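See below for the structure under consideration.
Read-outs: derived from the displayed coordinates by stated rules, not from any lab. None of the values given here were measured: they were computed from a predicted structure. Using ideal geometry, Cβ is built from the backbone for each residue, glycine included, and neighbour counts are taken over all protein chains shown.
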Amino acid sequence: MNAPESDNTEPERLDFIRQIVADDIASKKNGGKVVTRFPPEPNGYLHIGHAKSICLNFGIAKEVGGTCHLRFDDTNPEKEDTEYVESIMEDVRWLGFDWGDNLFYASDYFDQLYDWAVKLIKDGKAYVCDLSADEVSEYRGGWNKEGKDSPNRDRSVEENLDLFARMKAGEFKDGEKSLRAKIDMNSSNMNLRDPAMYRIRHQHHHRTGDKWCIYPTYDWTHGQSDSLEGITHSICTLEFENHRPLYDWYVEALGIHHPQQIEFARLNVTHTLTSKRKLLALVEGGHVSGWDDPRMPTISGMRRRGYPADALRDFCAHTGVTKFNGMTDLALLELYVRGSLNKTANRAMVIIDPLKVVIENYPEGESEMRQAKNNPEDDEAGIREMPFGRELYIERADFMEDAPKKFFRLTVGKEVRLKNAFFLKCNEVIKDDSGEIVELRCTYDPETSGGKAPDGRKVKGTIHWVSAEHAVDAEVRLYDVLFEQEKAGDVPDGEDLMDTINPKSLEVKQAKVEPSLVKAQAGDSFQFERTGYFCVDAKDSSPGKPVFNRTVTLKSGYKPKPAE
RNA sequence: UGCGGAAUCGUCUAAUUGGUCAAGACACGGCACUUUGAAUGCCGCAAUGCGGGUUCAAGUCCCGCUUCCGCAUCCA
């Protein structure tokens, strides 16, 4: 049964949660079984933070031969929808995880939850309260203010039973009554000051339809759902720490299987929002094209952007699991994205900001095919041919008239190598009336076809190019961070979050791409040499007319000194 | 002012549970190599929040302080 993970790298240190799990297995707690769960509320799209939770829960289960459930925590019909259910399932699968038959919905437990609520009423541990939401809040007191008992706290069991049944039957309006647990109105933990178990909401539920008009709260649902499913380790984020006593109270009051809730720090990434509310505002405000806009930190956005699933998994695995609320550098995510793509993405030559080059000693009207490796990291990727001719485009940034010493691209009177082709020398710069460079007159050395000069002379720089005659126009979308501040969404008082959006987060260019790219399929990733990794946008491309998304730039080793 | 958490290189994490010169990765800087200023390889940089105490020995134990995070939805 032991997985043949002979992939023995190092004596992998366990994080504190995996340590607890390992200890529990060793002590045969829960019969040595491990069952975890990923429990999203279907009220939005999954984002990078959820990816971490998915990797943790499914990852642990996989590592120890346990199982991990996917459960939709659909207790609040107001905000939930099947649209979200479907996207969540797609995202979890895309990330590479499989819940098998273990797909659950908290709404499947509504009947059981109702029966258990009746049991608590009978046990004198729950009561129907007539207070309005505002009154409840007032009665609850505050951190330094005592709570006051609800006037209905000592209602008889019979009356509670009757009222609760009538709540369910729809006799009351929204907010008119609620069912509360009878715990302690003076607890130092606010969650224990008689928390609500049921609220009245005459609302259609995406799964139970109009069967219910009372809906259980998160607290009254979560632990019991875990219990019903035989969850052993209920892993959640830090903000639920104060809820654990209540979680424990409910399962103890019911005398049912008691899973262990364990909290870890939520993932924060620089320049990245992980607040569902704020992401929703971006979408609804039209500041991005949708939940899957390639700038969004949603799983669907990152997928469309071209981030490979294994990069996301690696990233999550390397951010660690602790109770320390930190901020992880976006550079780490990009490291794994580049690392994955470097191994798998075929290379291509694309000129994003073209400058025309005319090779004066190349015969007019002729052209030839040059060979290029598809991926120097992977010999099996093979080679391809690309046309070369008298007129080329090179990247405008690869030429400089008055170049500093450390600039070893093209400049007047000096040679560079055209990748996969010849040495090229610039002789003359042609400008328009405004002084802008419009064309370079150059000569090439036909003897340097292999990339080396027979006389042994060296060039320092190698630049990419594309044949002007054969190149194809294609739309290229350059993405940058949505928020320039490291702590995205940290808006000073009185300012609007939307005003802090990076105006340059999207730049659209018409690029000159090598002809082979016309055949690129939606979702394909490429490395545009010396530029970055790009993928074919899955939504806006059409056959023969790809649109490219910049996934991430290449690291740039050339940093012009701002100093004079 | 209450309760619950958390503090280790710039960042994220380690440290045999009291025992060498506090380790790794990212970032940053440098060098080598290179038909991508990429990748790769090597080198460097840099930390135990503060103050006491216990001990031969403290990042680890004790006491006090400081700072940060979360919590007063019929949200999750």
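Structure notes:
- Entry for chain A at q = 0.09 Å⁻¹: log10 I(q)/I(0) = -0.81, Debye formula applied to identical alpha-carbon scatterers, no solvent contribution.
- Per-residue ³J(HN,Hα) for the range A:71-78, Karplus 6.51 cos²θ - 1.76 cosθ + 1.60, θ = phi - 60°, Hz, x for Gly and Pro: 10, 8, 8, 9, 9, 10, x, 3
- For the range A:16-264, the spread of Cα positions along each principal axis, largest first, Å: 52, 39, 32
- Computed from Cα atoms alone, the Kirkwood hydrodynamic radius reported for the range A:176-310 is 18.0 Å.
- Here the simple spin-label model places points 7 Å from the Cα toward Cβ, and for residue A:439 and residue A:378 these points are separated by 4.1 nm.
- Antiparallel %, DSSP beta bridges [both residues in chain A], to 5: 70 percent
- The range A:309-318 - phi-based ³J(HN,Hα) in whole Hz, Karplus 6.51/-1.76/1.60, Gly and Pro as x: 4, 5, 5, 5, 5, 4, 4, 4, 5, 9
- Taking the C-alpha atoms only, the angle from helix A:48-64 to the longest principal axis of chain A is near 80 degrees.
- Peptides A:60-69, A:362-371 ordered by packing proxy, namely the average of other Cβ atoms within 10 Å per residue, highest first: A:60-69, A:362-371.
- Extension gain, residue A:490 back to residue A:509 (0.36 nm per residue minus Cα-Cα distance, nm): 3.8 nm
- Take the Cα of residue A:115, step 7 Å toward its Cβ, do the same at residue A:86, and the gap between the two points is 3.4 nm.
- The charge dipole of chain A, taken about the Cα centre with unit charges on the Cβ atoms of Lys, Arg (+1) and Asp, Glu (-1), comes to about 1100 debye, rounded to the nearest 20.
- Note on residue A:188 and residue A:20: the extension gain reaches 57.7 nm, defined as 0.36 nm multiplied by sequence separation minus the Cα-Cα distance.
- Amide hydrogen proximity for residue A:287: with H placed 1.01 Å from N in the peptide plane, no residue at 5 or more positions away or on another chain lies under 5 Å.
- Amide H contacts under 5 Å for residue A:548, placed H, 5+ residues apart: A:475, A:476, A:477, A:537
- Taking Cβ atoms as reference points and 14 Å as the exclusive limit, the residues near residue A:101 contribute a net charge of -1, counting Lys and Arg as +1 and Asp and Glu as -1.
- Per-residue extension of 0.36 nm, minus the Cα-Cα distance of residue A:176 and residue A:368, leaves a gain of 61.0 nm for this segment.
- Exposure here means at most 11 other Cβ atoms within 10 Å; with chymotrypsin sites (Phe, Trp or Tyr not before Pro) in a DSSP loop as sites, the longest stretch of chain A lacking them is A:325-557.
- MRE, 222 nm, helices only [DSSP H, n ≥ 4, -39500 (n - 2.57), over chain A, to nearest 500]: -7500 deg cm²/dmol
- Rounded to whole numbers, the Karplus 3J(HN,Hα) couplings from phi for the range A:534-545 are 9, 10, 7, 4, 6, 9, 9, 8, 10, x, x, 9 Hz, using 6.51 cos²θ - 1.76 cosθ + 1.60 with θ = phi - 60°, and x at Gly and Pro.
- The calculated P(r) of the range A:102-214, using every Cα pair and 10 Å bins from 0, goes 14, 43, 31, 11, 1 in percent.
- Note on residue A:122/residue A:78: beta-carbon distance plugged into 1/(1 + (r/R0)^6) with R0 of 41 Å gives a FRET efficiency of 0.85.
- Square roots of 5 times each gyration tensor eigenvalue, C-alpha, the range A:350-464, largest first, Å: 24, 16, 15
- Near residue A:540, once Lys and Arg are set to +1 and Asp and Glu to -1 for all other residues with Cβ below 11 Å from its Cβ, the sum equals +2.
- Too-long pairs where the Cα-Cα distance tops 24 Å, listed order kept, from A:79/A:182; A:79/A:487; A:373/A:458: A:79/A:182; A:79/A:487
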